[in-house]
Each structure stands twice: as structure tokens, then as C-alpha cells.
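Participant: Attaching a single structure in C-alpha cells format; questions to follow.
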Amino acid sequence: MTSILGLDIGTTSAKAVLFNLDGKVLSENEQPYPILHPESGWAEQDPNQIEQATITAVQNVMKNQSNELLGIGLSTAMHSLIAIDSVGKPLSNAIIWADQRSTAETSNITSTIYLNTGTPLHPMSPLSKLKWMNKHDIEYYHQADYFVTVKEYLLYHWFGEKVVDYSMAASTGLFNIHNLNWDSNALVEAGISTNQLFEPVSSFTTLTNIKTEIAEQMGIMPDTPFVLGGSDGPLANLGIGAIHPGETAITIGTSGAIRQFSNEPLLDSKQEIFSYAFTDDSWITGGPTNNGGIVLKWVQDLISTEQQQYSMDDMNNLANSVPPGSEKLIFLPYLNGERAPFWDAQAKGSYIGLHPQHKKEHLIRASMEGVIYSIYHIGHVLERLGNQHDTLFASGGFARSSLWLQILSDTFGKPVKVPESHQSSAWGAAWVALGALKGHNLKDIKHSIPMKAEIEPNMDYHQIYQEQFDIYQGLYHQLKETFKKLSS
């Protein structure tokens, strides 16, 4: 049997997923790595830990495999930044999307740059991070030969190639999504030159002849082709089948996002959403939330004690005992600030409407509902730009929770399609590899996504959520100045 491997290098783990050519998972392995917080508001990771986790994930999947491995497609989380020297040695940790150190510098970036890059101005962006390094005269900023994301760091280590796919380049805030090259105005803002960035290339670009020692550690042949693929956002859309107009992908893992494909850049005068290049004739439009599954993990830690540890199944069961709307308790899920649609790193998490009858099960359900309200809020922005949400496609860790999926369906009042495997970014990456290696059309992936039963909305609950959301969407604006004062 011929197999294809999707390698998804995410925020908190590397996932290697081996598929047959029809999208059925043959084997998968996940290797975690920590987020480091050397100072308040900072979020970093050790590039060497990410590399070792990635190698180990592939190694574990390939153990005892008799299937012929056709190739490997790559998916990687967006917005990371690593300063490296000429031979690829890291001079800094990977500064990831959750890092907020460049909040002040972001406010001084020329706002019209968004019209070229499609990347809203926010501390998540490597553009902002570079501006921070420059302003604070950081030593490794001046020493660096190159500035790269996690994916380029790995590929340079493994192949000695200096290339970056369009969607990863687009996530830096330094890339012009109209001409598919580095943007001169953004580079001036960042204080760097084109020579310090890798060459932007197609998602179908294929690399072979990985270093022998890396191949041996992974348990693959050195001539195994690696296809660049893209960032995890568009690949999640692809891997779940949300390709056509009206098909909306919602991914919630550590963070979350809502996205649709378009055949041209879809820019927003209010700069509330992103528009990233994917291929030379397709773009991905949507918005990310900083606060997805990380919210539920926070609640889990909050209510657990040494005597009583709550599993995620326990949390779901408790939340399911509470009616929709959490008996008029609303949670603003801005624990880590917020990206779309506010792009405000100073936003704070808040429970609104607490009264003595509320218990831990209410806190759990309100938190789950708050994350969905955040996604729904971004969905309204997409509708303002002319997009429709006819059918939702769910992926990411939250898709393991039937309750969370039902809350999603009820809030939008739309059916939700869910694949059998929640590793949609990995399957999207694998399908791009099949496109590069076997000539598969990207849109044909719809015929090769094993799906579960569709979830239908409860329209009575939809009405409850509409009433709650009407209150929710005004709360940020009412509390914005309070958040700012708390931050100062």
C-alpha cells in the first residue's frame, strides 16, 4: 500500500500523520514541546526542541511500517520568528504568535502596509517583532544573517535550502500578497533587507536528499520528497474540504480561527481580518482568536485540586448539565489579549453576569460559549465583506467535543461537517504533496475526506445564543478603556 505523510508543526506539538491516498489515517504520533515565558507577555520556544519533537514524531509513525511512503507534506503554525546565522544556528528562540512584547512598536507601524501584506498590525506579526528588536537594540537582531519562521529553520537544517512557501511568507507581515514577493515598505519598517529573508516559492515546491543523519533518525529514505505545503490555516481549510464559496472552516486548537478561500485578495478597510496568499491564484481570508482550547485548559486548572482532578470528559459532562446561555453568564475569552476583530493585545478575560447560583459547571460552559462567540464575531466581519456561511467545517482539538460542536452549530444556526480525523492541517499538507508528486487537483480532496455524521442546529437554542451574542458583541467596546487602564 502507498502512503503519504502529513507533518503538522503546531504551537504546542508536532504531529506526524500517515494516511492512505483516500485520507484514512494509518498511524499518527504527537510530540509536545513547551511555550517559554522568560518575561511577562513574552512567548517563546526552543527551535531545537521543536526540531527534535518533529523528528521523533516521524520516527514513531514510521516504525514497523511496510507501506511505501510516497512523500511528506508540511504544515506549520504561523507568525514565528527566529534569528539565525549563515549556517542556520539559532541566535534566538522562536518568538511565537502569542508574544506581546512588541505592543508599543505595533502602534507606530504605517497602517497602509496592511493593504499590501493583508496582515493586520498586531504583536503576533514578525514585522512587529523585528521593529521591537530594532528599537531595543537587541544583539541578535544585529548579528543575524537571516530571519526565518520555524518551517524555514527546519528546511535549512535538513536540506540546506533557503526557501519559504507563499502562505508562510504571507504570515510574516513582510510579504506583498499582490505580487507574491517581499514588500519593500514593510522591510523598511522592519529595518532589514531582502537578503535576510528566504526566497518565496510555490506550495508545490519539492525538496529531496535530506541529510542522511536526519533521514536515519526519522526512519525514512534520504530521497523521500518533502513538499513545502503551507501554513496550518489554509491547509486546515483544504484538509477539511472548505474550498468553495459559502464553505467556512473553523479550527480551534490552542488558539482558533475562522477562514474561507477566495480567488483574489479580500482586504478590509477596517483591517479587522487577514487575507493571506496560498497559491498563485488563491488566498485565504478570515480572522484568528488568541483564545481557543487554551481557555478550557485554564478553566480545568482553575477548578482542579490535588484531591479532584477534572479531565476534559468531566468538563464536557459538567458543561452539558447547564442550559444554553449558561443561565445568563457571559465570558469574554480574552485571556491572552485578542486578535480579530479587535487586534488588541491589552484585552482581558472577563466573566459578566456572575451571581451566587453559578457554579463551576456554569464557568465551564460559559467559557466554551465565549470561545464560539469570538469566532462568531469574526464571522460577522466576513459577512460584512460579502462572504456567507452556508456550511461550517470543524477541525482541531475542539472537534473531539460533541458539546462544543453543538454550541458552534447552534450559535451560527448552520450545519457542521466534521471529518473522522481532526488532523485536517496534516491531511491538507499531505494532499498538496499529492498535488506536487501525483498531479492531484487541490479541489478533488473533497472526494477523499472521510466524514462523520453532520451536526444540525437547534434553532430554539440558536435564538438564545443570538440574544446572548447581542450583549457579548458590545462588551469589548464598553470595557476597552478599562482593559487599557489595567494594562498600564
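Participant: Looking at D165, is it closer than 22 Å to S424 by Cβ, of a type in the set (D, E, K, R), touching a helix residue (DSSP H, G or I) at 6+ places or on another chain (Cβ under 9 Å) and open to solvent by 20 Å² or more (accessible area, probe 1.4 Å)?
Facilitator: no
Participant: Pairs needed: first member in the stretch 390-417, within 17 Å of H462 (Cβ to Cβ); second member anywhere, among the polar types (S, T, N, Q) and in a helix (DSSP H, G or I); C-beta distance under 6 Å; at least 6 residues apart or different chains.
Facilitator: L403/N316; L403/N320; V416/S409
Participant: What's the number of the condition K438 fails, among (1) closer than 30 Å to L74 by Cα; (2) surrounded by 21 or more Cβ atoms within 10 Å (Cβ to Cβ)?
Facilitator: (2)
Participant: Answer with yes or no whether H244 is modelled with pLDDT under 95 and either buried (at least 21 other Cβ atoms within 10 Å of the Cβ) or outside any helix (DSSP H, G or I) (or both).
Facilitator: Taking the combined requirement at face value, the residue satisfies it.
Participant: So is L392 modelled with pLDDT of 95 or more and in a strand (DSSP E or B) or not?
Facilitator: Yes, satisfied.
Participant: Name the residues in the stretch 361-389 that are part of a loop (DSSP other than H, G, I, E, B), in contact with a Phe, Trp or Tyr (Cβ under 9 Å, 6 or more places away or on another chain) and among the hydrophobic types (A, V, I, L, M, F, W, C), would you?
Facilitator: none
Participant: Of everything in the stretch 452-476, what is touching a Phe, Trp or Tyr at 6+ places or on another chain (Cβ under 9 Å) and either polar (S, T, N, Q) or open to solvent by 70 Å² or more (accessible area, probe 1.4 Å) (or both)? Give them in sequence order.
Facilitator: Of everything in the stretch 452-476, those that are touching a Phe, Trp or Tyr at 6+ places or on another chain (Cβ under 9 Å) and either polar (S, T, N, Q) or open to solvent by 70 Å² or more (accessible area, probe 1.4 Å) (or both) turn out to be Q468, Q473.
Participant: I've got another one for you. Enumerate the pairs (first residue in the stretch 137-159 and outside any helix (DSSP H, G or I); second residue anywhere and not aliphatic (A, V, I, L, M)) with beta-carbon separation below 6 Å, excluding pairs fewer than 6 apart on the same chain, so at least 6 apart or on different chains.
Facilitator: Close Cβ pairs (under 6 Å, with a partner that is not aliphatic (A, V, I, L, M)) amount to D145/D85; D145/S86; Y146/Q196; F147/Q196; T149/S80.
Participant: Filter the stretch 189-204 down to residues that are part of a loop (DSSP other than H, G, I, E, B) and surrounded by 15 or more Cβ atoms within 10 Å (Cβ to Cβ), then give me how many there are.
Facilitator: Counting residues in the stretch 189-204 that are part of a loop (DSSP other than H, G, I, E, B) and surrounded by 15 or more Cβ atoms within 10 Å (Cβ to Cβ) gives 6.
Participant: Right, another one. Working only within the stretch 254-274, note down all residues that are under 20 Å from A426 (Cα atoms) and open to solvent by 30 Å² or more (accessible area, probe 1.4 Å).
Facilitator: T254, F261
Participant: A further question follows. In the stretch 183-205, which residues are within 21 Å of G230 (Cα to Cα), more than 22 Å from the chain's Cα centre (by Cα) and without any contact (Cβ under 8 Å) to a residue 40 or more places away in the chain?
Facilitator: T194, E199 - these are the residues of the stretch 183-205 that are within 21 Å of G230 (Cα to Cα), more than 22 Å from the chain's Cα centre (by Cα) and without any contact (Cβ under 8 Å) to a residue 40 or more places away in the chain.
Participant: Might you check whether a residue that is open to solvent by 30 Å² or more (accessible area, probe 1.4 Å), assigned to a strand (DSSP E or B), at pLDDT 95 or above and not small (G, A, S) occurs anywhere in the stretch 400-413?
Facilitator: No, there is no match, as no residue in the stretch 400-413 is open to solvent by 30 Å² or more (accessible area, probe 1.4 Å), assigned to a strand (DSSP E or B), at pLDDT 95 or above and not small (G, A, S).
Participant: Can you pull out the residues in the stretch 174-188 that are out of contact with any Leu (no Cβ under 6 Å at 6 or more places or on another chain) and either in a helix (DSSP H, G or I) or hydroxyl-bearing (S, T, Y) (or both)?
Facilitator: Passing the criteria: S184, N185, L187, V188.
Participant: Being open to solvent by less than 30 Å² (accessible area, probe 1.4 Å), in contact with a helix residue (DSSP H, G or I) (Cβ under 9 Å, 6 or more places away or on another chain) and not charged (D, E, K, R): is that true of T224 here?
Facilitator: yes
Participant: Restricting the search to the stretch 137-152, which residues are more than 22 Å from S275 (Cα to Cα) and either of a type in the set (D, E, K, R) or out of contact with any helix residue (DSSP H, G or I) (no Cβ under 9 Å at 6 or more places or on another chain) (or both)?
Facilitator: Scanning the stretch 137-152 gives D137, E139, Q143, D145.
Participant: Right, something else. Looking only at residues that are touching a helix residue (DSSP H, G or I) at 6+ places or on another chain (Cβ under 7 Å) and not in a loop (DSSP other than H, G, I, E, B) in the stretch 111-120, which one is nearest to A169 (Cα to Cα)?
Facilitator: T117
Participant: Restricting attention to the stretch 353-394, report how many residues are more than 26 Å from P419 (Cα to Cα) and of a type in the set (D, E, K, R).
Facilitator: Final tally of qualifying residues: 4.
Participant: Sticking with this structure for a sec: Could you list, in sequence order, all residues of the stretch 160-173 that are within 17 Å of D232 (Cα to Cα) and in a loop (DSSP other than H, G, I, E, B)?
Facilitator: S171, T172, G173
Participant: Let me ask something additional. Output the number of residues of the stretch 168-182 satisfying the condition of being within 25 Å of N108 (Cβ to Cβ) and buried (at least 24 other Cβ atoms within 10 Å of the Cβ).
Facilitator: Selection size over the stretch 168-182: 8.
Participant: Right, next: Collect the residues in the stretch 285-321 that are more than 25 Å from A249 (Cα to Cα) and charged (D, E, K, R), keeping them in residue-number order.
Facilitator: Once the filter is applied, which keeps residues that are more than 25 Å from A249 (Cα to Cα) and charged (D, E, K, R), the stretch 285-321 yields D301, E306, D314.
The values are calculated or read from the model by the stated rules, or taken from the named source; none is laboratory data. Computed from a prediction, not measured in an experiment: that's the story for all the values here. When we count neighbours, we look across all protein chains shown, and the Cβ atoms used for this are built from the backbone with ideal geometry, even at glycine. Note: areas computed on protein heavy atoms with side chains; ligands, DNA, RNA excluded. Shrake-Rupley method; radii C 1.70, N 1.55, O 1.52, S 1.80 Å.
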